[in-house]
Structures are given as C-alpha cells and as structure tokens.
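Asks: Before I ask anything, let me first share the structure, which is written out below as structure tokens.
The values are calculated or read from the model by the stated rules, or taken from the named source; none is laboratory data. The structure presented is a predicted model; accordingly, all values stated were derived computationally and were not measured. Note that we place each Cβ from the backbone using ideal geometry, even for glycine, and neighbour counts take in every protein chain shown.
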Amino acid sequence: MQRLLYIAKFEYFRHLRRRMFLLTTFGVPLLLVAGFVLLFTALVLTNQPESAIGYVDQADVIPADAEALLPATETPLPVPLRAYPDEAAAQEAFVAGDIAAYVVIPPDYLDSGRVTAYGAEELSMEGEQSLHTLLRAGLLEDATPQVIARAFDPIETLRRSTLDGGRTIVGGGIWFVLLPYLFGMLFLVATFSSSSYLLQAIVEEKENRTMEIVVTSVNPSQLIAGKTLGLGALGLTQALVWLLFGALLAGVGAIFFEPLRTFNLPGDILLIALLAFIPGYLLFAGLMIGIGAMVSSQQEGQQMASMLTLSGMLPFILNFVFVTNPNGALAVGLSLFPLSAPLALVMRLPLAQVPFWQILLSLGLLTAGAVLVVLAVGRIFRLGMLHYGKPIRPGELVRLLRTS
Amino acid sequence: METLIVDHVAKSFAATQAVKDVSFAVEAGEIFALLGPNGAGKTTTIRMVLDLLKPDRGSISVLGGPMSAETRDRIGYLPEDRGLYRKLKLLDCLVFLAGLKGVASGEARQRAQAYLERFDLAEHSQKKVNELSRGMQQKAQFIVALLHDPDLLIVDEPFAGLDPVNVRLIKEVLREQAAAGKTIILSAHEMYLVQELARRMVMINHGRVVLYGPIAEVRRKFAANAVIVEGHGDLGTLPDVTSVQRQNGRAVLQLKEGASPQQILRTLSRNDHFTVERFEVALPSLDDIFVQVAQEEDV
C-alpha cells in the first residue's frame, strides 16, 4: 500500500509540474476569464447612464403622474425623466446642462411607435429602460392595477416540465439546456485527461524502458493502481480548478445577469453522477492502461485511445437525441452501454424521468464493465509491459487473456 | 549456500521458444558470468529470475525462496536497455527509483550524492536525464542498481558505451561489492573483462546451457594439447612435439597425442642450449571458447 501511494504521489506531482498540464488547467479558464473581463469592460465603457433625460410628449401619452402608476414590484426609473412643453424648452435645458439628452414623442406615436432622441448618439441601456417603463405606464393609464401588474410581468413563474410530466424544473430556463452539458464537460475533463495522461505515462515508460526497472521494485498491480490513483487525482484537480473558475465566473456574472442567479443543483442528479463517474473513470483508465501495454509508441496509443474517447463522447455528439427524446431507444441504449453510460446517464437525468431500473442497470453494467476491464488489464499488463518494438496483435491478446 | 537456483526453466512466446531448458546455481558472494550470443535466451532468463516473466516450466529460487516483495528490495538490476525518466532531473530520478525499493528519501538523496561524486556525475545532478551523454546515463543506471545496497546484483552489459577509465571504475565497484559479500550476476560480451572478474560461468545458446562451471576449468577443458614457451637459445629437436609456431618472441608447441606438458618441460630443462624464461600450458581465452562454442552450435 505504501509503494502504491508512493507511485500515486510521484505520478501526480510529475504531471502537475508539466508545462502542458499547467497550460490547459489554468490557461483555458484564464482565457475565458480574460474574454469575460474584456466583454464586460467594453460594455461598461460604452454604456454610461445619463444624469437625466428630457422628453417632449407631443402625442400626449404620458400623464403627469405616470410614475405613480407603476406597480409596486417595478423598480424606480434608473434615469430620471423630465417633461418639457416643447422642443425649444428641452433644447434650452440641454444647452444649460440640466439634461444629457432629450426625446421627442411625435403626435403620430400611437400609429408609428417612432421616438426621436437628440443630444446623444444613443441612449444608455438604463436611459432606454426608463423611457420604456414610463411609456408603458402612460399607455396603461386607464387599466386596472392587476392588468398593469401583469402587463409589466406577463409570466411571473414559469414551470418547466419534461414531456412525460416527470421532473419539473422551476426557474432559470437556461440551465434546463446547459446543466447536462456542464456535467458532461466535467466528466470529460476529469476522465479523459486523466486516462490520456495514464496512457502517456505507460507508453513513455515502455518506450524509455523505465518500466523494466519499476516492475523489479513493485508488482504490476501496485504499479497500475498507483498510477490510476495518482492520475485520477490529477484529472480531478484539473476539473476542480475549472469548476472553481466556473463558479467564480458564475458568481461575478450573477451580479450582472439574472439567469445565473436562478442556478440550483439537484442533489439526486449529483449523487448518481458521482456513482457513474468513479466506475466510468476506472473503465477508461483500465482501457488506456491496456492500450498502453499493447502498443509500442505514443502515436499508436493515441490513435487507439481516440476511438475510445469518441465512444465516450458519443452522447455529446448526439445531444439532439437527448433533448428531443431523452427516453427514446437510442438515448436509453447509450446510457446502458458502459463506454457512453456515464455521459449519457447524466445528460438524460435532468431532461427526463429516467426509470429507476434503468439507472440501476446502467450503473451496474458500468461497474461490471470497469471490474472486467481492470481484471483483464492486470492479466495482459505483465507481458505487454515488456513487449517492445511491435504492438500485440488481437489474436495474441486473446491467447494472453486465456493463458496468463 | 546458493543465492540463486535456476532449475530446468523454459519459456515460450507465441511460436518462439526463447528458453528451452536452463539450469544453473549462483553461490553467495561470487561474481558469476551469464554468457551467450545475442538471442540466446539470456535476457529472458534474467527476466524470469526477476519475476518479470513466469517460466512455463521449472522453478527459480532467489535469495532462499520464491520471489516476494522483500526479495525484490534485495535485488539490484541494471538492464541492457537504459531505463530512466528522461525528463526528470538526474538526482530526483535516482531518489525516486531508490524510494521504490523502500529507501527513505533523505537517505536515498545522501547515498545518491555520494555515488554521483564517485562516478564523476555530481555536477550533472540537476540536469535532466536526457541531457546526459550515453556513457553518463549508463553510469547513472548503474547507480540505480546499487543505491538500495542490494544483496544480489544483476548487471546486463554494464560496460556498454563506457571508456576505459569508466570500465575500470565499474570493475572496481563490482569487485568491492563481491568483497562485501554481495552476489553478482554479470552478463557481458567483453570476454576479457568477464574472464578477469568472474569465477564461475554459464553459457546459454539457443535456449539451453552449453557450458557451466568454474571458468578456469572450462578453459582447461577447451585447451588444445599445447604449451607456450619463452626463452633464449635453440629449442632443438623436441621428440613429443608435432609443430612449433613462433609468434611475438614466444613459441607455441603442439604436442603429440599422449604427451604431457611435464615431459616437454623435462626435455627443455635438459637442453643446455636453451634457457626457459616462461613455460605455461596454452589455455584458450574465454573469447576463443565463446566463439568456438557459438559457431559449433550454429552448424
């Protein structure tokens, strides 16, 4: 056990210090943050709310007490609006610096909906919002308070339900679509990066013959377990860093964007995802070690690994199937097939009421697959690790599994 | 007391039978040579001894029993192909590999520094392994085999790629290890070095043992009935000699069948016209024996 942890620690720190790891772990989210900051700065710089805006109401749609008509739920106008009897008075106030701009609501406003702004290239978001609110309040002058309240917020609560009436998601519509993808991304990052490091480490040790030295000190099972543990922790570190950056971005973003405030993570999905991720990682890790033991060069290993990765990513590629028919044959099939199960299952869960037996069967098949692969890999590793020069042929592999 | 007993082991890969039937024993504290032409089955035999491969048949006892985790820690191995982490710094690489054998990190660092000093690698300790020359990597690999102070040292081609100064250094260290009671299995192609270092040997060819025993005995067994004589004067007519070959001031006398070197020595001592300075039974070098056996086997 001590040697196993020694190897795990060594592999973890050896890869942690690699430039490529640091670049992907911190570089990608930093790039995202930089993009976010740039966008935000541009938005702030180009959007300066006016101190006050004047208006000339030639259509006579805004009564003097328009602001009093606003429903209690509505926030006060972000930019104060001042009425002027005519354009000359508004212009005079503008020249005097009392207002930053003024708008003229022409007599044919009700027909044309046209309003002209003077004194500014364009109104700020806040200025425009104030104008909208005041106009809406004026137009609803004769309506009852209930109608006014509804007109300002036509859908106060939107309940979203899956087609079969199962899971109901309240609030943030954007998460309805994004949640499965976020789960998927996290799984992909943690599993595929770890298992590809694992493949890289095994092939590298075979190529430079370090394997022969290492296995004279520890037995192959300790070596495999140590590497799987160390590099699994590495993938988890990468996923956590990304998650942390994501949370940070979402936290900052929530201040400015309403949908980010409504995000809530369902506990049951999280638990099932966790139960799928562990055997999912072991399955891919085992397969990568197997490939590493069979091939003789990084390139060859990467080619075989990419086929596996593709199978794992299949639910991502076929995501429309999950959105349109999450309980259809293809979606169910993908969530039962061990290679695609971890991703398919977590993608289906928020979208449909997945029958309990399917969840159990999916997790069961996945775990059984992982155990089988780990056992088989333990068998072929002993001979494969010293197999230099040429890859092991499939026929030879079958013989190895039977005889070793 | 034997450190290693290899008893009728055999190993096949697919259609190739790499080792057919190999048996030998290595005594504690000796330098034992494991010889054979390329592809004879030496590396496969070593890998079976190290438990990297399981023999199809036969048994192996290392340091008093079958391979165990404790036994592994008592074996040092220098493989024919170098096996170091190329992107790690030399010192870190040595410390990690010693750690795998159970040496605590501080102790490993101390020992590694001492060996690096001795092998003239101290100034390269912070360089990455792939920045070192082939010879330096070879010495580093040799240090890996020694760092955990093993009782059994298996060295496969330890002199490959080394200059005469470093060959002398490795020889010196191997002798020191043997003097300290460690058992050494030496596999090398430099027969003059093997002859100099090892006391006993086994030669494998085509997966079978073709020579086994003390090197001196093997050489005697292969000796042609001849003597080497050096001296001044006229050798005269020697009754039991069939031919005289002169080379570099010495004469190689081929003896008649049944004649013994003692008879020749007696005849020469009676010859007043010749002064004997050196007289020895002509023994073939290990190199000659190796070539002869390997060629005979191939016929």
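Asks: Got a sec? Which of B:Ala40, B:Ala25 is among the small types (Gly, Ala, Ser) and crowded, with 17+ Cβ neighbours inside 10 Å?
Replies: Exactly one residue qualifies, and that residue is B:Ala40.
Asks: Suppose the filter is facing chain A (nearest Cβ under 9 Å), surrounded by fewer than 19 Cβ atoms within 10 Å (Cβ to Cβ) and under 22 Å from the mean Cα position of the chain (by Cα); does B:Asp51 pass it?
Replies: It is false that B:Asp51 is facing chain A (nearest Cβ under 9 Å), surrounded by fewer than 19 Cβ atoms within 10 Å (Cβ to Cβ) and under 22 Å from the mean Cα position of the chain (by Cα).
Asks: May I pose another question? With (1) more than 9 Å from every other protein chain (Cβ to nearest Cβ); (2) free of Cβ contacts under 8 Å to residues at least 24 places away in the same chain; (3) among the acidic types (Asp, Glu) as the list, and B:Asp56 as the residue in question, which single condition is left unmet?
Replies: Going through (1) more than 9 Å from every other protein chain (Cβ to nearest Cβ); (2) free of Cβ contacts under 8 Å to residues at least 24 places away in the same chain; (3) among the acidic types (Asp, Glu) one by one, B:Asp56 breaks only (2).
Asks: Filtering the stretch B:66-75 down to residues that are more than 9 Å from chain A (Cβ to nearest Cβ) and surrounded by fewer than 16 Cβ atoms within 10 Å (Cβ to Cβ), which residue is nearest to B:Gly102 (Cα to Cα)?
Replies: B:Glu70
Asks: A follow-up question, please. State yes or no: is B:Ser187 buried (at least 16 other Cβ atoms within 10 Å of the Cβ), hydroxyl-bearing (Ser, Thr, Tyr) and in contact (Cβ under 8 Å) with a residue 24 or more places away in the chain?
Replies: yes
Asks: Considering each of B:Leu78, B:Leu63, B:Leu88, B:Leu94 in turn, give the residue that is touching a strand residue (DSSP E or B) at 6+ places or on another chain (Cβ under 8 Å), more than 25 Å from B:Ile5 (Cβ to Cβ) and more than 7 Å from chain A (Cβ to nearest Cβ).
Replies: B:Leu88
Asks: Might you check whether a residue that is closer than 14 Å to A:Thr191 by Cβ and over 16 Å from the mean Cα position of the chain (by Cα) occurs anywhere in the stretch A:317-338?
Replies: yes
Asks: Turning to a different aspect of this structure: Out of curiosity, is B:Glu123 assigned to a helix (DSSP H, G or I), among the acidic types (Asp, Glu), closer than 24 Å to B:Glu176 by Cα and away from chain A (no Cβ under 14 Å)?
Replies: no
Asks: Among the residues of the stretch B:264-298, write down those that are in the same structural domain as B:Val244 (by TED's automatic domain parsing) and without any contact (Cβ under 8 Å) to a residue 12 or more places away in the chain.
Replies: B:Arg266, B:Ser269, B:Arg270, B:Asp272
Asks: OK, next. Residue under question is B:Thr3, and the condition is that it be of a type in the set (Ser, Thr, Tyr) and within 14 Å of another protein chain (Cβ to nearest Cβ); does it hold?
Replies: Answer is no for this residue.
Asks: Out of A:Val44, A:Val61, which single residue is of a type in the set (A, V, I, L, M, F, W, C) and within 30 Å of A:Ile255 (Cβ to Cβ)?
Replies: The unique qualifying residue is A:Val44.
Asks: Right, another one. Please determine, by comparing only the residues of the stretch A:60-109 that are aromatic (Phe, Trp, Tyr) and not in a helix (DSSP H, G or I), which one is surrounded by the fewest Cβ atoms within 10 Å (Cβ to Cβ).
Replies: A:Tyr84
Asks: Can you find a residue in the stretch A:383-402 that is in the same structural domain as A:Met294 (by TED's automatic domain parsing), surrounded by 14 or more Cβ atoms within 10 Å (Cβ to Cβ) and either of a type in the set (Phe, Trp, Tyr) or modelled with pLDDT of 80 or more (or both)?
Replies: Checked against the condition, which is being in the same structural domain as A:Met294 (by TED's automatic domain parsing), surrounded by 14 or more Cβ atoms within 10 Å (Cβ to Cβ) and either of a type in the set (Phe, Trp, Tyr) or modelled with pLDDT of 80 or more (or both), the stretch A:383-402 yields no hits at all.
Asks: Out of (1) more than 9 Å from chain A (Cβ to nearest Cβ); (2) touching an Asp or Glu at 6+ places or on another chain (Cβ under 9 Å); (3) assigned to a helix (DSSP H, G or I), what's the single condition that is false for B:Arg109?
Replies: It is condition (2) that B:Arg109 fails.
Asks: Something else: Provide a single number: the residues in the stretch B:247-293 that are part of a strand (DSSP E or B) and of a type in the set (Lys, Arg).
Replies: 2
Asks: Looking only at residues in the stretch A:122-158 that are within 31 Å of the chain's Cα centre (by Cα) and part of a helix (DSSP H, G or I), which one is farthest from A:Pro71 (Cα to Cα)?
Replies: Top of the filtered list is A:Met125.
Asks: OK, next. Restricting attention to the stretch B:152-189, which residues are in a strand (DSSP E or B), of a type in the set (Val, Ile, Thr) and over 10 Å from B:Glu30 (Cα atoms)?
Replies: Answer for the stretch B:152-189, where residues must be in a strand (DSSP E or B), of a type in the set (Val, Ile, Thr) and over 10 Å from B:Glu30 (Cα atoms): B:Ile154, B:Val155.
Asks: Kindly check whether there is at least one residue in the stretch B:223-234 that is surrounded by 13 or more Cβ atoms within 10 Å (Cβ to Cβ), part of a strand (DSSP E or B), among the charged types (D, E, K, R) and more than 30 Å from the chain's Cα centre (by Cα).
Replies: Yes, that holds for at least one residue.
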